[in-house]
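> Below you'll find the structure I mean.
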Amino acid sequence: MTLINKGTAYWQSLDRAHHWHPFTDTKGLNQAGARVMTKGEGVYLWDSEGNKILDGMSGLWCVALGYGNEELIEAATQQMRDLAFYNTFFKTTHPPAAELAQKIAEVTPEGLNRIFFSSSGSEANDTVVRMVRHFWVLEGKPEKNWIIGRKNGYHGSTLVGASLGGMGPMHAQGGPMLANVAHINQPYWYGDDSGLTEDDFGIVRARELEAKILELGADKVAAFIAEPIQGAGGVIIPPATYWPEIQRICQKYDVLIIADEVICGFGRTGQWFGSHTLGIQPDLMPMAKGLSSGYLPLSAVAVGDRVANTLIEKGGEFYHGYTYSGHPVSAAVALAAIRIMQRDRIVDRVRDDIGPYFQQQLRTLADHPLVGRIDGIGLIAGIALVENKTPKTFFKDGDAVGLACRDHCFNNGLIMRAVGSRMVLAPPLIISRAEVDELVAKVRHCFDLTARDVGLM
Ligand code: PMP
């Protein structure tokens, strides 16, 4: 038997031959070889070369409680011993699913009292579409089956998730997309040259929803879906006027509001949900990621009383569900995660202490020649890189600048994501002040390196 040296080259060779990565140009990756991640502890990751990296993105916006949390590990271990799997289809439940459903209802906005489980954010959004359309059929309005989303919104990668989202490159592959989905523009004020004030711009973009509802016919529009703060689209925080106007329009035309809380949920914005922070009263709320701190796949839809009562009282059997709906081990981990968040007052800490500190320290970067604008709240932020601040001039090839910056970060011990030329951050909620200082110092250093690349320094 030959001894295999299980090092970077070994894993890369297996990966190159067999592992097809999501959202990746596999041909390009195979030429370079994937970075092999091997360990996580707190806010840090290590790769197979021994490099220590500060994870400014909580994995993929999910590892809220940081890596290596012994209580979550213990919760999973114990539940695997007690009951590793049972389904929730055939008149059965189990303690973790029942207790987690209650717990989610406790922390979500008032009036959302029924919880449907699935494994991913995408599946949660598939569930939402089936619920919403079925709801309007049961209400005697089967024509009310259009859903309006937003350009640059992200709601997942299943066919339904991709259709609800407004990512052009995703729509361009594997179509046709789901029928009866329309999109309006996003409320990205800094990215626009309308000359409007931020508040006026928020109203104008919200009124695009009204225009779209009237174009399609109010009797045809079932729901509006949006992230409270667009995450994968570059952390786009809408003007303060935006959501109240959206809320007014949806009420006027009896259009349900779906607040996709997959990123904003579970403390990211300094309250339990982005809907709390932005004053949204959703009818349905898909959630995932921070729900289980990413330790195991789990998502849920919190359903408001209006929709739930109709579906439950008039709907008979709901022909929808997944093998892993309410998976006991995932549920046990999520239950433990929420209990830790409550016990350690983690959401309050994000709102009152570490969130404001993070935002304040990030804003020390405003003097950097590359930085056009810094947006953020709690522990989520987006930084627009520009060629010139005034007049505001975006880079012609913003994607390349963003990617160069991201690579500098990775090579200098920081994970920061690039969305075009917006650099985004969402570190674990347990990050300390000293770790925030380290993160911001690394961001400045990597901005310097990027500025040199483009001749700005
Ligand atoms: N909705 C939002 C707002 C998301 O950010 C994501 C994932 N980034 C999803 C849905 C899809 O979740 P998943 O990748 O778990 O399917």
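The values are calculated or read from the model by the stated rules, or taken from the named source; none is laboratory data. Since the model is a prediction, treat every value here as computed from it, not as a measurement. Note that we place each Cβ from the backbone using ideal geometry, even for glycine, and neighbour counts take in every protein chain shown.
> Return the total of residues in segment 368-409 being in a strand (DSSP E or B) and either within 28 Å of Phe266 (Cα to Cα) or without any contact (Cβ under 8 Å) to a residue 12 or more places away in the chain (or both).
12
> For segment 84-125, which residues satisfy the criterion of being over 21 Å from Ile338 (Cβ atoms) and within 16 Å of the ligand (Cβ to nearest atom)?
Once the filter is applied, which keeps residues that are over 21 Å from Ile338 (Cβ atoms) and within 16 Å of the ligand (Cβ to nearest atom), segment 84-125 yields Ser122, Asn125.
> Among the β-branched types (Val, Ile, Thr), crowded, with 23+ Cβ neighbours inside 10 Å, more than 16 Å from the ligand (Cβ to nearest atom) and more than 18 Å from Asn113 (Cα to Cα), is that true of Val347?
Considered against the rule, which asks whether it is among the β-branched types (Val, Ile, Thr), crowded, with 23+ Cβ neighbours inside 10 Å, more than 16 Å from the ligand (Cβ to nearest atom) and more than 18 Å from Asn113 (Cα to Cα), Val347 comes out as yes.
> Here's a follow-up. So, Thr277, is that one in contact with a Phe, Trp or Tyr (Cβ under 9 Å, 6 or more places away or on another chain) and among the polar types (S, T, N, Q) or not?
no
> Which residue, of Val386, Val419, Val443, is assigned by TED's automatic domain parsing to the domain that holds Gly56 and within 13 Å of Pro369 (Cβ to Cβ)?
Sole residue among the options that is assigned by TED's automatic domain parsing to the domain that holds Gly56 and within 13 Å of Pro369 (Cβ to Cβ): Val386.
> Next question, about the same structure. Checking the condition of a type outside the set (A, V, I, L, M, F, W, C), in the same structural domain as Lys103 (by TED's automatic domain parsing), in a strand (DSSP E or B) and touching a residue at least 12 places away in the same chain (Cβ under 8 Å), which residue from Pro297, Pro286 passes?
Pro286
> Among the residues of segment 122-129, are any outside any helix (DSSP H, G or I) and either in contact with a Cys (Cβ under 6 Å, 6 or more places away or on another chain) or buried (at least 17 other Cβ atoms within 10 Å of the Cβ) (or both)?
Checking segment 122-129: not a single residue is outside any helix (DSSP H, G or I) and either in contact with a Cys (Cβ under 6 Å, 6 or more places away or on another chain) or buried (at least 17 other Cβ atoms within 10 Å of the Cβ) (or both).
> Only one of Leu159, Leu112 is closer than 30 Å to Asp375 by Cα and either surrounded by fewer than 22 Cβ atoms within 10 Å (Cβ to Cβ) or assigned by TED's automatic domain parsing to the domain that holds Arg268 (or both). Can you tell me which?
Among Leu159, Leu112, only Leu112 is closer than 30 Å to Asp375 by Cα and either surrounded by fewer than 22 Cβ atoms within 10 Å (Cβ to Cβ) or assigned by TED's automatic domain parsing to the domain that holds Arg268 (or both).
> Quick one: what pairs do we get from segment 84-106, first residue in a loop (DSSP other than H, G, I, E, B), second at pLDDT 95 or above and among the polar types (S, T, N, Q), C-beta under 8 Å, 6+ apart or different chains?
The qualifying pairs are Tyr86/Thr92; Asn87/Thr323; Asn87/Ser325; Thr88/Ser325; Phe89/Ser325; His94/Thr88.
> Ala332 versus (1) touching a strand residue (DSSP E or B) at 6+ places or on another chain (Cβ under 8 Å); (2) part of a helix (DSSP H, G or I): which is the lone unmet condition?
Single failed check for Ala332: (1).
> Take the residues in segment 126-174 that are among the charged types (D, E, K, R) and over 19 Å from Met285 (Cα atoms); name whichever of them is nearest to the ligand (Cβ to nearest atom).
Result: Lys151.
Residues checked against (1) under 27 Å from Ala337 (Cβ atoms); (2) modelled with pLDDT under 95; (3) away from the ligand (no atom under 13 Å from the Cβ); (4) in contact with a Gly (Cβ under 8 Å, 6 or more places away or on another chain):
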residue	(1), (2), (3), (4)
Glu227	yes, no, no, yes
Gly231	yes, no, no, no
Val235	yes, no, no, yes
Pro244	no, no, yes, yes
Tyr253	no, no, yes, no
Ala259	yes, no, no, yes
Phe266	yes, no, no, yes
Ala300	yes, no, no, no
